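The values are calculated or read from the model by the stated rules, or taken from the named source; none is laboratory data. All values reported here derive from a predicted model rather than from experimental measurement. Using ideal geometry, Cβ is built from the backbone for each residue, glycine included, and neighbour counts are taken over all protein chains shown.
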Amino acid sequence: MRIAIDCRYLGKSGIGRVCEGILDALDLTAHEYYLIGKRDRLARYTSRGAHLVEDASEPYSIAGLFSFDRSLNRKCDALLIPNFLVPFGVRIPILSIMHDLAFLDVKETTRGAADRMIKKTLLKRCMRRSKKIACVSQFTLDRCRHYYGKLAEKCFVNYNGVSEGVFAYAKEHAAPLQKRDTIVFVGNVKPHKGLNTLLSAFLALRTDTTLRIIGEKDNFLTGLSLEEDAYRNVTFTGKLDDDRLFEEIACAKYLVLPSRYEGFGLPPLEALCLGTQPILSDIPVFREIYRDLPVKFFRDEAELTARMRETPDRIDCTDAVRTRYNFHRCADQLIHQLEELCRR
């Protein structure tokens, strides 16, 4: 089987990490792979036998929607897209990955009515054009059913995994017996991530604990100034390389993910593997993904403040996380579905 994969998301947070996890888990000798993206980001995969289809376009741009190399329609049997943005010009069966429907469920994730309409159109186009759609959680699949009815019959649940890099770091670096007096947040800075809730709850702590926000602060904290004395213990680290990211998580007292909406939520799984307890907003998808795992939930700012004051539990559940959420299983399921498509 000859499979094309849109790899232009590599290097980005969120979807980029999922794309990397899938590529790392694939046996590139089992099928013939055509990887679409930048030469430097794909070098470690092309050196293992995959074909490079060079494309430096931004997948989220208009140009990126029209940059598909149509010769792949002759060379390949199917296309795997790690997002809902289906390029124009594709004539082979498509398997796409649906992470969430935040653009429909959370108004603040779009920039006005026009942007919302464009994204709504592209989401529906993905639902129509894809032969199969991998939903990263049952929650996301249920939202597809809510909006798209019978089109959602092509959807199936395929959980994300934790990257091998996290497991390797955890194996080489034992979780510190004495944690730093820090709390970390990891993720992008979109409004539904709930960082304002975390900041308000953290301010109420009134301790010497440091909050480290791993992400960019530009265009996010509307109305808040980190130069004010009240926020003296809040630090934005910017984007970190993997080793520094894993160290920050492993040494922290807690990782907090206060999201109002998620399709999956990967950073808390990484925290559990690194020996750090997560504190999570009490939303349905977190109840699904983190069932039976040692996390703490909160329902409002006051409860979050109370949780952050508590002494964290000793965490040792790497094997449990790896059994349930690994990219080898995720990738195997995707390839199985692609094989089914190509046999039709």
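Descriptive notes on the structure:
- Leading residue by the ranking (farthest from the chain's Cα centre (by Cα)) among those in segment 4-41 that are assigned to a strand (DSSP E or B) and closer than 17 Å to HIS328 by Cα: TYR33
- The lone exception for ARG344 - which of (1) modelled with pLDDT under 95; (2) more than 21 Å from the chain's Cα centre (by Cα); (3) farther than 20 Å from ALA134 by Cβ it fails: (3)
- Looking only at segment 108-134, and only at residues there that are free of Cβ contacts under 8 Å to residues at least 40 places away in the same chain and among the basic types (Lys, Arg), the one that is farthest from HIS336 (Cα to Cα): ARG111
- Residue ID - farthest from the chain's Cα centre (by Cα), chosen from residues in segment 95-110 that are closer than 23 Å to ILE22 by Cβ and part of a loop (DSSP other than H, G, I, E, B): LEU101
- Criterion (among the small types (Gly, Ala, Ser) and closer than 25 Å to GLY161 by Cα) met by exactly one of GLY64, GLY16: GLY16
- Test result for ILE92, surrounded by 18 or more Cβ atoms within 10 Å (Cβ to Cβ) and either over 22 Å from the mean Cα position of the chain (by Cα) or over 28 Å from GLY161 (Cα atoms) (or both): yes
Here is a yes/no grid of residues against (1) part of a strand (DSSP E or B); (2) aliphatic (A, V, I, L, M); (3) touching a residue at least 12 places away in the same chain (Cβ under 8 Å); (4) more than 26 Å from VAL321 (Cα to Cα):
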| site | (1), (2), (3), (4) |
| --- | --- |
| LYS171 | no, no, no, no |
| ILE183 | yes, yes, yes, no |
| ASN188 | no, no, yes, no |
| ASN196 | no, no, yes, yes |
| LEU199 | no, yes, yes, yes |
| ARG206 | no, no, no, yes |
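- If the condition is being surrounded by 13 or more Cβ atoms within 10 Å (Cβ to Cβ) and under 27 Å from ALA168 (Cβ atoms), then segment 297-322 contributes PRO312, ILE315, CYS317, THR318, ALA320, VAL321, ARG322.
- Of all residue pairs spaced 6 or more apart or on separate chains, those with beta-carbon atoms under 6 Å, a first member in segment 255-277 that is under 23 Å from ASP142 (Cα atoms) and a second member that is at pLDDT below 95 and among the polar types (S, T, N, Q) are PRO258/THR197.
- In segment 141-151 there is at least one residue matching the filter, namely being within 30 Å of THR318 (Cβ to Cβ) and under 20 Å from the mean Cα position of the chain (by Cα).
- Qualifying residue in segment 114-130 (condition: modelled with pLDDT under 95 and surrounded by 20 or more Cβ atoms within 10 Å (Cβ to Cβ)): no
- Those residues of segment 165-196 which are within 24 Å of the chain's Cα centre (by Cα), closer than 16 Å to TYR254 by Cα and at pLDDT 90 or above, in sequence order: THR182, ILE183, VAL184, PHE185, VAL186
- Test: residue in segment 3-22 that is touching an Asp or Glu at 6+ places or on another chain (Cβ under 7 Å) and surrounded by fewer than 17 Cβ atoms within 10 Å (Cβ to Cβ): no
- THR29 exposed (fewer than 12 other Cβ atoms within 10 Å of the Cβ) and within 22 Å of GLY149 (Cβ to Cβ): no
- Candidate set from segment 61-89 (those that are farther than 21 Å from LYS12 by Cβ and among the aliphatic types (A, V, I, L, M)); member that is surrounded by the most Cβ atoms within 10 Å (Cβ to Cβ): ALA78
- The set of residues in segment 250-284 being surrounded by 23 or more Cβ atoms within 10 Å (Cβ to Cβ) and among the β-branched types (Val, Ile, Thr) consists of VAL256, THR276, ILE279.
- Verdict on LEU334 being in the same structural domain as LEU211 (by TED's automatic domain parsing), buried (at least 16 other Cβ atoms within 10 Å of the Cβ) and of a type outside the set (Ser, Thr, Tyr): no
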